[in-house]
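Below is one structure, written out as structure tokens; comments come after it.
The values are calculated or read from the model by the stated rules, or taken from the named source; none is laboratory data. Being a predicted model, the structure only gives us computed values, none of them experimental. Using ideal geometry, Cβ is built from the backbone for each residue, glycine included, and neighbour counts are taken over all protein chains shown.
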Amino acid sequence: MVDKARLIEVLERAAPGRTSGVTVGADGSVGFVLAVDGMERGAATTLQAEVERAARSVLGVTGVRAILTAERGAAPAEPGKSIRHILAVASGKGGVGKSTVAANLAVSIAAQGYRVGLLDADIYGPSVPTLLGLEGRAMLENNRLQPMEAHGLKALSIGNMTDPDKAVVWRGPMAASAMTQMIDNADWGELDLLVIDLPPGTGDIQLTMAQKIKPDGAVIVSTPQDLALIDARKAISMFAQVDVQVLGLVENMSVFVCPHCGEASHIFGAHGAEEEAARIGVPFLGAIPLHASIREASDAGRPPATAISEISAPYREIATRVVQRLNLAAGRAS
């Protein structure tokens, strides 16, 4: 059993004022955030090694992993060649079901036989652990984060590395740095596709991902509502400015069908995202209804796309279009 208070004391002595978010796993693995603001890459790497060595000196510690964050400093390394394609799933505003779409899209593509990873880059509001039913902490092996596995995916979320009851209070550049760490310093293995579930908006995390990680394409999620579409346009504009191809627009919560009487109600408006896609000249990838069973399955950690059903059909159809637009078959891992 690791004495967490003692561990925090040791970390503070090794790097005064630079460590936070300390977690201790049941197996003795520990993780923490190490701020390296204003440090050159070499100095940051040296400090990381020193702090990790200090942490390993604490009785009971079996493994150590520091997530480096910085508001300034060296640019992150580009992802390794073991990840053949990267897809960003984004939205202009929150509450449109982006993470649910990202998770089910990843599951649907994996069901086609591709090797798929899902990175939850929504640092402030990670949903992937709940959506995939992931419990516990991400483990460390050979000082590298090990993505967890569920529903045919490899998945990694800050939610599996921090206290779920405490808010992540980081400035934007620090959160962006944490995202790149989860790509560069995780053992993803051979992937045909890494799906990145971005936070809503067009801030530091989105810009870092677009400029440093250089995804092969982006999918934008919106409801048909005018307020959501206004922000979706901003997300599309941002990707255009940083030369990331927008593969298309997904309309989520498109229509509600009453389970009792069968009447269809367009609660957020009818065909708004489809019409917007046509207006601005981006592909329309498909519409997903507002259905109670989607919410129930998602809350239970069972993505609807894992089963063949009426509610999973839209996800499968959208996944097929994304596979085609990314030309995944051409770069498929053997």
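Answer yes or no: is there a residue in the stretch 275-290 that is outside any strand (DSSP E or B) and closer than 16 Å to Gly97 by Cα. Scanning the stretch 275-290, I find no residue that is outside any strand (DSSP E or B) and closer than 16 Å to Gly97 by Cα, so the answer is no. For the stretch 245-262, the tally of residues that are β-branched (Val, Ile, Thr) and either free of Cβ contacts under 8 Å to residues at least 12 places away in the same chain or surrounded by fewer than 22 Cβ atoms within 10 Å (Cβ to Cβ) (or both) stands at 2. Could we say that Pro224 is surrounded by 22 or more Cβ atoms within 10 Å (Cβ to Cβ) and over 27 Å from Pro129 (Cβ atoms) here? So Pro224 passes the test.
Can you say whether Glu274 is surrounded by 14 or more Cβ atoms within 10 Å (Cβ to Cβ) and without any contact (Cβ under 8 Å) to a residue 60 or more places away in the chain, as far as the supplied structure shows? So Glu274 fits the description; yes. Within the stretch 69-86, does at least one residue satisfy the condition of being farther than 26 Å from Leu198 by Cα, basic (Lys, Arg) and modelled with pLDDT of 90 or more? Scanning the stretch 69-86 turns up no residue that is farther than 26 Å from Leu198 by Cα, basic (Lys, Arg) and modelled with pLDDT of 90 or more.
Regarding Leu229, is this residue buried (at least 17 other Cβ atoms within 10 Å of the Cβ) and touching a Phe, Trp or Tyr at 6+ places or on another chain (Cβ under 9 Å)? No.
Within this structure, Ile318 passes the test of being closer than 20 Å to Gln225 by Cβ, buried (at least 19 other Cβ atoms within 10 Å of the Cβ) and either out of contact with any helix residue (DSSP H, G or I) (no Cβ under 8 Å at 6 or more places or on another chain) or not aromatic (Phe, Trp, Tyr) (or both). Taking the residues in the stretch 25-71 that are β-branched (Val, Ile, Thr) and in contact with an Asp or Glu (Cβ under 9 Å, 6 or more places away or on another chain) as candidates, determine which candidate is surrounded by the fewest Cβ atoms within 10 Å (Cβ to Cβ). Ranking the candidates gives Thr62 first. Would you confirm whether or not the stretch 117-140 contains a residue that is part of a strand (DSSP E or B) and modelled with pLDDT under 90? Looking through the stretch 117-140, at least one residue is part of a strand (DSSP E or B) and modelled with pLDDT under 90.
Conditions tested, residue by residue: (1) of a type in the set (D, E, K, R); (2) over 20 Å from Arg144 (Cα atoms); (3) without any contact (Cβ under 8 Å) to a residue 12 or more places away in the chain.
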position	(1), (2), (3)
Arg6	yes, yes, no
Leu11	no, no, no
Gly21	no, no, no
Gly25	no, no, no
Met39	no, yes, no
Leu47	no, no, no
Ala54	no, no, no
Gly60	no, no, no
Val64	no, no, no
